[in-house]
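Notes follow the structure.
The values are calculated or read from the model by the stated rules, or taken from the named source; none is laboratory data. Every value quoted in this text rests on a predicted model; they were computed, and no experiment measured them. Please note: Cβ atoms are built from the backbone with ideal geometry, for glycine as well, and neighbour counts cover all protein chains shown.
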């Protein structure tokens, strides 16, 4: 099939894997930022195709996973307010929070609806004028423009009962935070594909410049990822780290200006709370004052008990790339996709879910 | 108001009789049903198979079928997967007050059509009407009785090392066709549900071989779940090759878009057969002559290694475990 099968070609993949093996002499560590990459890498067995010299770690690129427990507690508290409809993307409702989950709140009678697009949430607001509809805004630069568009649509259509709880996050600042922490040494980063469609390659330039780390933006098909790894290995072997695009059919040097304009119009940059990482300055998107009547943070107030993390759960470490999912004692035993303890086992982009779902015959003893 | 279902249609009185006589009997008539006795009486001797299933699909009309066709095919297929020849079905309908009689008729017509194709008779039935909001439009339960020929032993527990694993055609068609119609997700595509009765396909397979060990229709949970069930029941390992599993372009595209894996998406007109290797080619050739098995292919084999587990060789070559479906299939968000 056009644009799918071509990027899954067995012969080309083996050829690329051979090229990588020929090129690679140093032992290196790469991080795939994006949860979508983690899933593709495990689904197609890319770890088994690359030489042993290339170690791969998963990063924080899963919107559900990086949502802080305190923020999720807030979303749940909002759900219990009278005459409120919570709208959210599917995975969010199953994530266990400090004391409950959106799913639990739903079972207790809260009106929580799964939507596939933010515009659907606006439609729900339109159809329920007597209720307040709150959209739980999670995601990175990929999702933020669509959420901005939903606020502009609500304004244009005079839908005053639509609100967004903006938990949106930005990728380059958290990459900087990870590199600054020095917790794990990285030689290269597999840059996020969809995020880069919006922001272009330039925001990552500090990575090679300030940290000497290679950065290549990748698509999500297996050949995209192998090509990206090949470019990373080449840069690292030559000692010439830079930002490259291995996903030119998706990412243009200028990114998507229109989407960025939308984002900038509605949101301003502020701090954000990341699970496992904490407060990272300049890494979140807040609704601008001009649109504050759509800002759930301004329109509603809820009192919250201090958040608490599930005991033994290492999602925080997994998100930072400091632990591999099977290193968590709960993995596959207490924590499974059926009864997840942490968000990384819930989300379709979570690293634990990927390791669980796509275990290899060799490493499956744990399940 | 005479064009929709009223609570009185479920009262057991005049309107109930009218409903049965006007909307069910004209389409489903047969000697046993026509008597309208409290139970249907039929002759059968030998080993019988009995199965039951409830159908609550949403939406009730979908490309390639509706809840009526599904209720007949699903139960026919469940009997078929044990090597039984389906004979008789019972059918109960729970109807929500306000449901359109015209839609009910459309569904009964489609029940008739599916039953005719599968050569089964619906000999017992029941209707109930519930208050608006107490059911979602229409729920149907069908039970089925089938007869198993002497010597036939087809079970999920019969797979043996060396057996070949056959798949009757493309996967994911039903699940994606339904999903394309769901509220909030509507997308248009030229894809129909594969919903079909498979009893004739299976009887043709059984004509050419007596060494079919397991049969199963990969419905909810998809191919991955079915293979895991067979591996677990038979205490064997199963290995399959991803590249050999046929998937329609439309299904591939929708799965890419939604972040789903076709091996977990539901089917309603496909079967997995585990057969003796010596007969595999013969069975495959016969399957391909039937329109429901036109794209049949051998996707893998049974092994003594990794008992209880399914291992898939990915398109790129490496192998990975294929687990059962866990939770609901939810589209990805980013």
Filter pass, residue B:244 being within 14 Å of chain A (Cβ to nearest Cβ), more than 30 Å from residue A:115 (Cβ to Cβ) and surrounded by fewer than 16 Cβ atoms within 10 Å (Cβ to Cβ):
yes
Filter result for residue A:153 (assigned to a loop (DSSP other than H, G, I, E, B), away from chain B (no Cβ under 14 Å), surrounded by fewer than 21 Cβ atoms within 10 Å (Cβ to Cβ) and without any contact (Cβ under 8 Å) to a residue 60 or more places away in the chain):
no
When you look at residue A:250, is it assigned by TED's automatic domain parsing to the domain that holds residue A:42 and farther than 30 Å from residue A:73 by Cβ, yes or no?
no
Consider residue A:103 carefully, then state whether it is under 21 Å from residue A:358 (Cβ atoms), modelled with pLDDT under 95, out of contact with any strand residue (DSSP E or B) (no Cβ under 7 Å at 6 or more places or on another chain) and in a helix (DSSP H, G or I).
no
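Table: residues versus (1) farther than 30 Å from residue A:245 by Cβ; (2) touching a residue at least 24 places away in the same chain (Cβ under 8 Å); (3) in the same structural domain as residue A:263 (by TED's automatic domain parsing).
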residue: A:105; (1), (2), (3): yes, yes, yes
residue: A:109; (1), (2), (3): yes, no, yes
residue: A:127; (1), (2), (3): yes, no, yes
residue: A:132; (1), (2), (3): yes, yes, yes
residue: A:162; (1), (2), (3): yes, yes, yes
residue: A:190; (1), (2), (3): no, yes, no
Considering region B:21-33 alone, what residues qualify as being surrounded by 12 or more Cβ atoms within 10 Å (Cβ to Cβ) and under 16 Å from residue B:121 (Cα atoms)?
B:24, B:25, B:26, B:27, B:28, B:29, B:30, B:32, B:33
Does region B:312-325 contain any residue that is under 25 Å from residue A:38 (Cα atoms), assigned to a helix (DSSP H, G or I) and in contact with a helix residue (DSSP H, G or I) (Cβ under 6 Å, 6 or more places away or on another chain)?
no
Going by the structure shown, is residue B:302 in a helix (DSSP H, G or I), under 27 Å from residue A:356 (Cα atoms) and in contact (Cβ under 8 Å) with a residue 40 or more places away in the chain?
no
Tell me yes or no: at least one residue of region B:173-181 is in a loop (DSSP other than H, G, I, E, B), under 18 Å from residue B:73 (Cα atoms) and assigned by TED's automatic domain parsing to the domain that holds residue B:212.
no
Exactly one of B:231, B:253 is part of a helix (DSSP H, G or I), within 18 Å of residue B:163 (Cα to Cα) and in the same structural domain as residue B:191 (by TED's automatic domain parsing), and that one is B:231
Which one is modelled with the lowest pLDDT among residues in region A:319-349 that are in contact with a strand residue (DSSP E or B) (Cβ under 9 Å, 6 or more places away or on another chain) and within 11 Å of another protein chain (Cβ to nearest Cβ)?
A:349
Is there a residue being outside any helix (DSSP H, G or I), in the same structural domain as residue B:34 (by TED's automatic domain parsing) and either within 23 Å of residue B:272 (Cβ to Cβ) or free of Cβ contacts under 8 Å to residues at least 12 places away in the same chain (or both) anywhere in region B:119-142?
yes
Any chance you could count how many residues in region B:37-64 are surrounded by 12 or more Cβ atoms within 10 Å (Cβ to Cβ) and out of contact with any helix residue (DSSP H, G or I) (no Cβ under 7 Å at 6 or more places or on another chain)?
8
Residue B:160 being touching a residue at least 60 places away in the same chain (Cβ under 8 Å), more than 14 Å from every other protein chain (Cβ to nearest Cβ) and touching a helix residue (DSSP H, G or I) at 6+ places or on another chain (Cβ under 6 Å):
no
Residue in region A:135-145 that is crowded, with 24+ Cβ neighbours inside 10 Å, more than 13 Å from every other protein chain (Cβ to nearest Cβ) and either over 19 Å from residue A:72 (Cβ atoms) or in contact (Cβ under 8 Å) with a residue 60 or more places away in the chain (or both) present
no
Residue B:299, sole failed condition from (1) surrounded by 24 or more Cβ atoms within 10 Å (Cβ to Cβ); (2) touching a strand residue (DSSP E or B) at 6+ places or on another chain (Cβ under 9 Å):
(1)
Determine whether region B:93-101 contains at least one residue that is over 16 Å from residue B:54 (Cβ atoms) and under 17 Å from the mean Cα position of the chain (by Cα).
no
Go through region A:193-238 and report how many residues are under 20 Å from the mean Cα position of the chain (by Cα) and assigned to a strand (DSSP E or B).
3
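Here is a yes/no grid of residues against (1) surrounded by fewer than 21 Cβ atoms within 10 Å (Cβ to Cβ); (2) away from chain B (no Cβ under 11 Å); (3) in contact with a strand residue (DSSP E or B) (Cβ under 7 Å, 6 or more places away or on another chain):
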| position | (1), (2), (3) |
| --- | --- |
| A:116 | yes, no, no |
| A:131 | yes, yes, yes |
| A:160 | yes, yes, no |
| A:163 | no, yes, yes |
| A:180 | yes, yes, no |
| A:193 | no, no, yes |
| A:199 | no, yes, no |
If the requirement is being more than 25 Å from the chain's Cα centre (by Cα) and more than 11 Å from chain A (Cβ to nearest Cβ), which of these qualifies: B:278, B:266?
B:278
